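Notes to accompany the following structure.
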């Protein structure tokens, strides 16, 4: 069954705006560092990158408060 009109989908900008409207709490820094070490031991470069950025974000949020 096909529709005559295209289904409207949110754009990347709308998705980012929706996500930024609510504040999400970050896990404690020691927990993030433990995950970073695990990702590094497993050779997961993407996981290391994500955890490193999470730590940086957690530290800078702690300075603001």
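Coordinate-derived values only; no laboratory data. Treat the numbers as computed from the prediction; the structure is a model and nothing was measured.
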How far, in degrees from 0 to 90, does helix 45-64 lean away from the longest principal axis of the Cα atoms of the chain, to the nearest 10? 80
Quick one: angle between helix 29-42 and the longest Cα principal axis of the chain, in degrees between 0 and 90, rounded to 10, please. 80
Relative contact order of the chain: what whole-number percent is it, with Cα pairs under 8 angstrom and at least 6 residues apart? 28
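Tell me what the chain gives for mean residue ellipticity at 222 nm when only DSSP H runs of n ≥ 4 count, each as -39,500 (n - 2.57), the sum divided by the residue total, rounded to 500 deg cm²/dmol.
Details: 3 runs with 43 residues, N = 65.
Only helices count here, giving -21500 deg cm²/dmol.
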In whole Å, largest first, what are the principal axis extents of the Cα atoms in the chain? 52, 34, 14
